[in-house]
Amino acid sequence: MVTINHYYQFLLIFAKNIYIFCMADVNTNHKIMAVTMAKTATIQARIDPDIKAKAQEILNKLNISMSEAISMYLTQVTLRKGIPFELNIPNEQTAETLAKSEKGEELHKVASVENLFQELEN
């Protein structure tokens, strides 16, 4: 484990669209090196504007660009050799409930979150 007072040397090399990052702890001579290729592929996708705006708000709070988020997602797809989260087809009751809620039907309204929790406890 590296302590906070260790001194690190950094080296970042840009050459022909290849990025090499080296870090060395001068106290232990422990070295970390990463090599990445430049990101040159382009993806175009049609996204619901509301979904994009909501996602962008969250990503801004995380200080992650949309491009970085998509890159992280695709990296996880490759590492896991599949979608990096569980996908389920809702059962009939769940599908009906979702359809009704999207239409604004049979919604339960409460005055506050506290009231909702009180109702759930009773």
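Only the coordinates and a few stated rules stand behind these numbers; no lab work does. In this text, all values refer to a predicted model and were calculated from it rather than measured experimentally. Quick reminder, even Gly has a Cβ in these numbers, built from the backbone with ideal geometry, and neighbours come from all protein chains shown.
At a Förster distance of 30 Å, what's the computed FRET efficiency of LYS109 paired with LEU59, Cβ-Cβ distance as r, to 0.05? Computed FRET efficiency for LYS109 and LEU59: 0.45. Taking a straight line from the alpha carbon of LYS109, these aspartates and glutamates sit under 12 Å away, with near neighbours fewer than eight places off in the same chain left out: GLU119. Modelled this way, with points 7 Å down the Cα-to-C-beta line, the labels at ILE51 and GLU121 are 3.8 nm from one another. Ordering LYS39, LYS109 from the fewest to the most neighbouring beta carbons within 10 Å gives LYS109, LYS39.
Whole-Hz Karplus values for the stretch 44-58 come out as 10, 9, 8, 10, 4, x, 5, 4, 4, 5, 5, 5, 4, 4, 5 Hz, taken residue by residue from phi with 6.51 cos²θ - 1.76 cosθ + 1.60 and θ = phi - 60°; glycine and proline positions read x.
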